[in-house]
Amino acid sequence: MDTIAAISTPLGAGAIGIVRLSGEQSLSIALRFFHCSGVSEPADVTPNMLRLGTFIGGSVREKCMMVYFRAPKSYTGEDIVEFHVHGGAYLTECVLDTLLGAGAKMAAPGEFTRRAFFNGKVTLDEAEGVARMIGAESEAELREAYGLMSGRFHAAIDELISELTKVLSTLEASLDYPEEMAEESDDAIKRAYEVRDKLQTLLDSYKTGKIIKSGITVAIVGKTNVGKSSLMNSILGYSRAIVTDVHGTTRDVIEQSMVHKGVKINFQDTAGLRTTGDLVENIGIERSLMAARGADVVLYVMESNRELDEHELSEIRGFSKKVILVNNKIDVYGSASSGVNVSAKTGEGVQVLLDEIVRAALGDRRSADTLMEERHADCLRRALRSLNAALSACGSAENECVLVDFRESIEALYEIGGGNATESIINDVFSRFCVGK
Ligand SMILES: Nc1nc2c(ncn2[C@@H]2O[C@H](COP(=O)(O)OP(=O)(O)OP(=O)(O)O)[C@@H](O)[C@H]2O)c(=O)[nH]1
Ligand SMILES: [Mg+2]
């Protein structure tokens, strides 16, 4: 296999830039340019140790560090060499060009991790965890990415596979001895139902996974002048939206994201709801309603001295979303008996409101695994479909068909780890990586 090379740090000025080689020729290519006392041939290089030396090649004469990881104890499972040079787009590109000129091949996006996968260093889902970790925008997303990358999620899937495999072999054996094994096969089917429930729970968590990835979308709606824009500004800690005492100040949907206790939240401030003949404002109100329908959570803001009227109640029902009633301006009007009491002016109650938003969107999901990848959800849906088909046919005459469905279910679960994933699935996974990873 070719020896590949790439710049593994972001392009641009930085303190350090890392250029990486992977493959059999890594060390011999590297030593053509790296000069360091006591090192003249590959055998002189101790693995896993940074060495200070000089990289001389092309127009580069760079004091830098080099580290060698000997196969198979490396990220890719192959020989790897990294040069840690001064960061800088031009400098790192010169180093890379020099290595490419010496026979290394430019790495494709994700090719280092792809090699790690083919060398059995990571499973496909663990590799996806690596990509997710690199792209994580919040602590919650990072936590789930670690769950994937560390193999915790994989272990949970493996357990389900092994359970279903046991069920399958019991049922296979019982084909030949149906009467003697009646009790065992009943027991196996019971266990298959348990697996089915676990699959369903995992699949249900995908909704949460998607929210963790993209953030909780929160639409702030309510009548004009109740303090929606003030609330958004108070939450963000700066004046993002225009605030005046004129009714109908906000016209467009104003979006801004922030992170609360490790969870990304995307706020949308909207035009106040009222009947008006103003063409522009009416378009704004239409957009407010659309935002409310599309959000994960709706904050329905009103002044704390008011109760919801019939019209508002039916409007809220129409959102068919999780709605949190927010009573604003408690600094003037005092607290109300239901909903969350806040003052956008003083900031009172805002942290409680943020906690409430996270709870409403994600519930209590401390211990369970959360499904994060569409590919995994697709595999689980297929596994579940086949398992359901198998279970509903159990007991009927066509036992062979039941076994086929059980096998299909197991196959779909195997696909998560990449064991039997097709070339195009694997290509798709790695195409989402950056070059150099
Ligand atoms: N005392 C007090 N005044 C507030 C509070 N929140 C908002 N206001 C005032 O209420 C008025 C309207 O505030 P906005 O934030 O513009 O209200 P809005 O709901 O965005 O209004 P529209 O954009 O017109 O729909 C402004 O004069 C704010 O200063 C609060 O918590 N306490
Ligand atoms: Mg406003």
How many nm is it between the label spots at ASP364 and ASP252, if each spot is 7 Å from the Cα in line with the beta carbon? 4.3
Choose one answer from LEU27, LEU353, LEU308: the residue with the largest mean-square fluctuation in a GNM of the chain with alpha-carbon springs under 10 Å. LEU308
Relative packing of peptides 74-83, 36-45 - highest average C-beta neighbours within 10 Å first: 74-83, 36-45
For a Förster distance of 35 Å, can you work out the FRET efficiency between the beta-carbons of LYS223 and LYS261, rounded to the nearest 0.05? 0.70
What are the ³J(HN,Hα) couplings of region 166-180, residue after residue, when phi is run through the Karplus curve with 6.51, -1.76, 1.60 and θ = phi - 60°? Round to Hz, x for glycine and proline. 5, 4, 4, 5, 4, 5, 4, 5, 6, 4, 7, 10, x, 6, 5
Given charges of +1 on the Cβ of Lys and Arg and -1 on the Cβ of Asp and Glu, with all other atoms neutral, how large is the dipole of the chain about its Cα centre, in debye to the nearest 20? 1860
Can you give the extra length, in nm with one decimal, that the chain gains between ASP331 and TYR238 once fully stretched, where that is 0.36 nm per residue apart less the Cα-Cα distance? 31.5 nm
Is there a quick way to get the dipole size of region 213-362? I mean about its Cα centre, with the Cβ of Lys and Arg at +1 and of Asp and Glu at -1; what is the value in debye to the nearest 20? 500
Rounded, prolate or oblate for region 324-437? Axes are the square roots of the Cα gyration tensor eigenvalues, ordered a ≥ b ≥ c, and the cut-off for rounded is a/c under 1.5. oblate
Relative contact order in percent for the chain (Cα pairs under 8 Å, 6+ apart) equals 16
Could you work out how much longer the chain between MET49 and SER392 gets when fully extended? Use 0.36 nm per residue separation minus the Cα distance between them, nm to one decimal. 117.6 nm
Within region 53-86, whose backbone N sits under 17 Å from a point 7 Å along Cα→Cβ of ASN119? 67-83
Semi-axes of the chain's equivalent ellipsoid from the Cα gyration tensor, sqrt of 5 times each eigenvalue, largest first, rounded to whole Å? 49, 39, 16
For the chain, what does the helix formula give at 222 nm: sum of -39500 (n - 2.57) over DSSP H segments with n ≥ 4, over the residue count, nearest 500 deg cm²/dmol? -15000 deg cm²/dmol
Of the convex hull drawn through the C-alpha atoms of region 213-362, the volume per residue in Å³ is 103
Would you mind telling me the antiparallel percentage of the DSSP bridges in the chain, rounded to 5? 60
Farthest towards the positive end of the dipole of the chain, among VAL280, ILE80, GLY147 and with Cβ unit charges of +1 on Lys and Arg and -1 on Asp and Glu, lies the Cα of VAL280
Let me see the P(r) profile for region 127-276: every Cα-Cα distance counted, bins of 10 Å, each bin given as a percent of all pairs. 10, 24, 19, 16, 13, 9, 6, 2, 0
Cβ crowding within 10 Å averaged over residues, with 275-285, 134-144, 332-342 ranked highest first: 134-144, 332-342, 275-285
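Computed from the coordinates by the stated procedures, all read-outs in this text should not be read as laboratory data. The structure presented is a predicted model; accordingly, all values stated were derived computationally and were not measured. Heads up, the Cβs are rebuilt from the backbone with ideal geometry, glycines too, and the neighbour counts pull from every protein chain shown.
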